């Protein structure tokens, strides 16, 4: 795996190092040793999958509060999506900044979302599926979010929003 630091402190884009032959390709999805060698502490305890029927669907921006802070490792397994990390850690040098990248089944890249950051995605194709591993189990009392279109963050989604849940549409605006 190739680990690339990005503009949000503690977040990474991780590129696969696939082995290809006449059958197709093989690549690692996660390796404790390779993460540790890059100085990344991430131990998944739960894996979740999502599927969006329609291009333009937005999910997020989600995170969990203390004591259930979670890091996420996100990969697109079918189609493609614009994946976003938003820094909500007041003590961070990149507080309130965001980074977005295209994850696809084809490129096999992953985005590591650190604890204290929100995560969201927009499907770029119909029938987009993703998998993410989380460092903490889902905790409904600690699950929250911020609006995908909050002017305080000015996230530049690549497509018009075609579908979004009522919950995600109605998170309060930040000041």
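Every number in this text was worked out from the coordinates using simple rules, so none of it is lab data. Worth saying up front: this structure is predicted, and the values here are computed from it rather than measured. So basically every Cβ, Gly included, is an ideal-geometry build from the backbone, and we count neighbours across all protein chains shown.
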Helix-only mean residue ellipticity at 222 nm for the chain, each DSSP H run of n ≥ 4 adding -39500 (n - 2.57), per residue, nearest 500: -1000 deg cm²/dmol
Spread of Cα-to-Cα distances over 10 Å intervals beginning at zero, given as percent, for segment 79-175: 14, 46, 37, 4
For the chain, built as a Gaussian network whose Cα springs stay under 10 Å, the top-fluctuating residue of 114, 44, 90: 90
Cα gyration tensor, segment 1-101 - rounded (a/c under 1.5), prolate or oblate: oblate
All-pairs alpha carbon distance profile, the chain, 10 Å steps from 0, percent: 10, 39, 38, 11, 2, 0
Order by protection proxy (mean Cβ within 10 Å, highest first), peptides 57-70, 20-33: 57-70, 20-33
Alpha-carbon radius of gyration plus Dmax, which is the widest Cα pair, for segment 16-58 in Å: 15.4, 39
Cβ-derived FRET efficiency at R0 35 Å, residue 159 paired with residue 3, nearest 0.05: 0.75
Two-site FRET efficiency, residue 68 against residue 106, from Cβ-Cβ distance with R₀ of 35 Å, rounded to 0.05: 0.55
Segment residue 43-residue 144, length gained on full extension (0.36 nm per residue, minus Cα span): 34.2 nm
Residue of 111, 88, 103 that the Gaussian network model of the chain assigns the largest fluctuation, springs spanning Cα pairs under 10 Å: 88
